[in-house]
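Enquirer: Got a structure here, written out as structure tokens. Questions coming.
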Amino acid sequence: MTPEELARAEERLRNPAPGSRIEAAQKFGIDLTLLIGQLRLTPAERARQMLEVCQLAERVRGAARRRKP
Amino acid sequence: MNVEAAIQALVDARVEFVIIGGWSAILNGSSYVTNDLDICFARDSGNLRRLAQALAPFHPRLRDLPKGLPFVWDHATLRNGTVFTLETDLGKIDLLAEVAGLGTFEEVAGGLVVTEAFGRQVRILDLKSLIKSKRAAGRQKDLLLLPELESLLEAEEP
């Protein structure tokens, strides 16, 4: 995306137009700020970020049940 | 799940494939989280051989196959099926010869983009195709993703 396209996309997500699909998603419960954050990244950066999330999730999976009283 | 190693192995082996499903959504900007990799592959003989060889070092076996039953991983096995839900040393990898709502690898080719990720050039579904496939798949987990994907599409429209 060009800087202009990104700015336009961010504006649409920050202030959804009445009746738009973005507004419907917001009402559905989608956190649009997360999408703004993702759009600012390149696909490679999105992949890297998600790989880190997955690795963290693997490390803590089941941690609550492993806790000693 | 070591998605990066899986993708690099496939690309380096010159396997014809496109990333679909959750990772395609993530690379398109979705905040979705997934722990498996879904790809659609071309079914020509050469590609089946390359695909089988690329994943062989990671010991693929079918997730739904009872333990103890024999399973042979080679191009002939790939030729005899269209959906393989695999457990590998790298994690869960689902191989599909067809994508719901889109069709075969060759039919999917009209709705994909090439992007840089995992240290390689990879093919992923574009947002319109991804939305179409999720709508066609129709499972609750697919439908829940639609509002986010449609928002991204609308945000990026000219």
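No lab work stands behind these numbers, since they all come straight from the coordinates. These numbers come from a predicted model, not from an experiment. Every residue, glycine among them, receives a Cβ derived from its backbone with ideal geometry; neighbour counts consider all protein chains shown.
Enquirer: I want to make sure I understand the PRE zone here: with the label point 7 angstrom from the Cα of B:Val33 toward its beta carbon, which residues in the stretch B:106-148 have backbone N atoms less than 20 Å away?
Expert: B:140-148
Enquirer: Calculate how large, on average over all directions, the projected area of the Cα convex hull of the stretch B:98-142 is; give the answer in nm² to one decimal.
Expert: 3.4
Enquirer: Further question: Using a basic spin-label model with each label point 7 Å from the Cα along Cα→Cβ, how many nm lie between B:Ala109 and A:Thr42?
Expert: Calculated label separation equals 2.7 nm.
Enquirer: Taking other Cβ within 10 Å of each residue's Cβ, how do A:Arg48, A:Arg12, A:Arg66 sort, fewest first? Provide the component values of the computation, followed by the final result.
Expert: Values: A:Arg48 16, A:Arg12 20, A:Arg66 8.
Least crowded to most crowded, the residues run A:Arg66, A:Arg48, A:Arg12.
Enquirer: Right, next: Have a look at B:Pro158, A:Leu56, B:Val99 and report the one farthest towards the positive end of the charge dipole of the protein assembly as shown, computed about the Cα centre with Cβ charges (Lys/Arg +1, Asp/Glu -1).
Expert: The residue sitting most towards the positive pole is A:Leu56.
Enquirer: How large is Rg over Rh for the stretch B:1-47, taking Rg from the Cα atoms and Rh as the Kirkwood inverse mean of 1/r across Cα pairs?
Expert: Details: Rg = 11.5 Å, Rh = 11.5 Å.
Checking Rg against Rh, the ratio lands at 1.00.
Enquirer: Grab the alpha carbons of the protein assembly as shown, take their convex hull, and tell me the volume per residue in Å³. Write out the running numbers ahead of the final one.
Expert: Details: hull volume 34.7 nm³, N = 227.
With only Cα atoms used, the protein assembly as shown gives 153 Å³ per residue.
Enquirer: Would you kindly compute the Cα radius of gyration of chain A and its largest Cα-Cα separation (Dmax), both in Å?
Expert: Over chain A's Cα set, Rg and Dmax evaluate to 17.1, 55 Å.
Enquirer: Using square roots of five times the C-alpha gyration tensor eigenvalues, list the equivalent-ellipsoid semi-axes of chain B in whole Å, biggest first.
Expert: In descending order the semi-axes read 26, 16, 15 Å.
Enquirer: Another one. Exactly which trypsin sites (Lys or Arg not before Pro) in the stretch B:58-158 are in a DSSP loop and have at most 16 other Cβ atoms within 10 Å?
Expert: Passing sites in the stretch B:58-158 are B:Arg63, B:Lys67, B:Arg139.
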